[in-house]
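The values are calculated or read from the model by the stated rules, or taken from the named source; none is laboratory data. Just so we're clear, the structure is a prediction, and the values are computed from it rather than from any experiment. Heads up, the Cβs are rebuilt from the backbone with ideal geometry, glycines too, and the neighbour counts pull from every protein chain shown.
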Amino acid sequence: MIRSVLFLGLSLGLYGQGLLTIPEQSQYRRTSTVHEVKVFMDLLQQTFPDLQPYQPREAPARTEMGQPLRAWRIKATRRDSVRVYINANIHAGEVEGKEAVQMLVREWLQGKHPQLRESIDLVIMPCYNAEGTDLLDPRNRVHQPNPESGVGIRENAQGLDLNRDLMKVETTNTRWILSMFQAFNPHVVMDLHTTNGSYHGFYLTYAPALAPGFEPLMTLNREILLDVRKELYRKNFPVFDYGNFSYESRDMSKLTEANDPPFISSPKSWETFDWRPRFLTNYPSLRGRLSILSEAYVYRTFQERVLETKSFVLECLKVIRQRASFIRTITAQAEKEHPTLLPLSATPKLTERFVFDVIEPIRDSQGKLIGEKNRRQVELPALTSYQYSDWVPLPSGYLIYGDHLEDIKKRLSAHSIPYKKAVREHYSALHFSFIEKERKESPRPFQGIKTLSLVGEWVLQDKSLWPKDKLRNAIYVPLIQGKARLAFYLLDPRSPDGFVYWRLMESKDILAIAPKNGQPLTGPSSQSNFEGQE
Ligand SMILES: [Zn+2]
């Protein structure tokens, strides 16, 4: 009784404050915990029953440490809707998206965006890295203007970066999100971040999916963001493709604490980040889906970062609504495509020339930006998309057998990649085995793993290479429509983000079956490697 009176009092208190989020209640001195997000969403739900908790079928409900994985859904009122999934706090030090999505949902339910509400089927996940979310500490991310509560940490409790886990599926969170891909099947995925320390003149930077997807889908992804950029510039909200200034390597030797990069010499270009599908916003293009990365600018105030993230998301949703029927058409085409060649490497390419603001910062002892000495404008090449290279033919499918088979089956299922027991048709097909020419193990572990980059090629073999009993116990993974790209990047031993790279299987555990069109399975074989997203 006392508890319910207390709860009623608390509820009325919050109603009195007009359903405010934790930052709004505290004049942006605090950010929410996992529990506080639930309390806010429960209160919203009491007033607006259209808001429903969302849990994908067969998805884990909690993280390894028992923290709840909670999402919410507001269904569109029209049948021909676009499904959008918004993820926040994958890096739990970057809390702005977590707060912005709560405010966005409140506005959505209060009827402030009636056209969007009608045509967008929305799922939001405010605390994706639920373990990092509650580890609030003012000592985290001290270089940014912080709420007094501090912010959470980047990694999960196992020390893993959830935004590098999409392909290897090491964490419960990734299993949750892959179940969401299967069950909710979003047309668009958004992931909300904050930059780490780059200096530039934008309030927010963004990126489309960069892993090589169906060409018309990749074009549409860029066009959506160009529309958003145009509209936001009209509102004096400068945004651009996510990236950093890059310099001639000789200039880097002059770098000291006192000299910030932009003023040592002029930057030579603006470059985007890694194209590999381990990132949540790169992965969707391998499944024929669109995505948007949002990176609030670290040196804006906490309140500005939250509100600007919300404005950016809203502008994206407006453009998504305007282009809804095209989005449905192109994603449906992407599900039917069957690529015959896919690239193993990529290099950033000139996408446009743009006039950038280059800032000379004034920083305090903790590296926090407290002012600007100078700002000048420089026109530079913007390398914000990729030129893909080292195109190789795809087999019609793979046979897999080995010590790790049961584990591989689980990971394939997590990605919704179909497989079946190998049968006679597969034993009698033309088999290619992978011949390694060069093995390069990373000198240091990355995400706890010494990754393996292989150079080599598929070579046609005598059928006797694998004995009959091995073939009989193998699984067959077909490269079928809509899943061919993903299966290829998970299974080809040369893939820079596949199971061999992550040491989950060996190249001897896999055979390729000849393509149906009789194309040879040979081609170049190299990898590219770099990191850099914040
Ligand atoms: Zn981040």
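So Arg305 fits all but one of (1) buried (at least 22 other Cβ atoms within 10 Å of the Cβ); (2) away from the ligand (no atom under 16 Å from the Cβ); what number is the exception?
Against the list (1) buried (at least 22 other Cβ atoms within 10 Å of the Cβ); (2) away from the ligand (no atom under 16 Å from the Cβ), Arg305 comes up short only on (2).
Within the group Glu425, Glu406, which residue is surrounded by fewer than 13 Cβ atoms within 10 Å (Cβ to Cβ) and at pLDDT below 95?
Glu425 is the lone residue from the list that is surrounded by fewer than 13 Cβ atoms within 10 Å (Cβ to Cβ) and at pLDDT below 95.
If a residue must be within 16 Å of the ligand (Cβ to nearest atom) and farther than 21 Å from Gly243 by Cβ, how many such residues does segment 179-195 contain?
0
Yes or no, residue by residue, for (1) among the β-branched types (Val, Ile, Thr); (2) buried (at least 20 other Cβ atoms within 10 Å of the Cβ); (3) farther than 27 Å from Pro145 by Cβ; (4) out of contact with any helix residue (DSSP H, G or I) (no Cβ under 9 Å at 6 or more places or on another chain):
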residue: Thr171; (1), (2), (3), (4): yes, yes, yes, no
residue: Val188; (1), (2), (3), (4): yes, yes, yes, no
residue: Gly197; (1), (2), (3), (4): no, no, no, yes
residue: Gly201; (1), (2), (3), (4): no, no, no, yes
residue: Tyr206; (1), (2), (3), (4): no, yes, no, no
residue: Gly213; (1), (2), (3), (4): no, yes, yes, no
residue: Asn221; (1), (2), (3), (4): no, yes, yes, no
residue: Val228; (1), (2), (3), (4): yes, yes, no, no
residue: Lys235; (1), (2), (3), (4): no, no, no, no
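I need the helices (runs of 4 or more DSSP H) fully contained in segment 417-518, keeping only those with at least 2 residues that are over 17 Å from Asp403 (Cα atoms) and more than 33 Å from the chain's Cα centre (by Cα).
Hits in segment 417-518: 424-427.
Of the residues Ala157, Ala183, which is closer than 30 Å to Arg79 by Cβ, hydrophobic (A, V, I, L, M, F, W, C) and surrounded by fewer than 21 Cβ atoms within 10 Å (Cβ to Cβ)?
Selected residue: Ala183, the only one of Ala157, Ala183 that is closer than 30 Å to Arg79 by Cβ, hydrophobic (A, V, I, L, M, F, W, C) and surrounded by fewer than 21 Cβ atoms within 10 Å (Cβ to Cβ).
Under 6 Å between Cβ atoms, which residue pairs at least 6 apart in sequence (or on different chains) link something in segment 275-295 that is outside the structural domain of Arg411 (by TED's automatic domain parsing) with a partner that is acidic (Asp, Glu) and part of a helix (DSSP H, G or I)?
From segment 275-295, the pairs are Gly288/Glu335.
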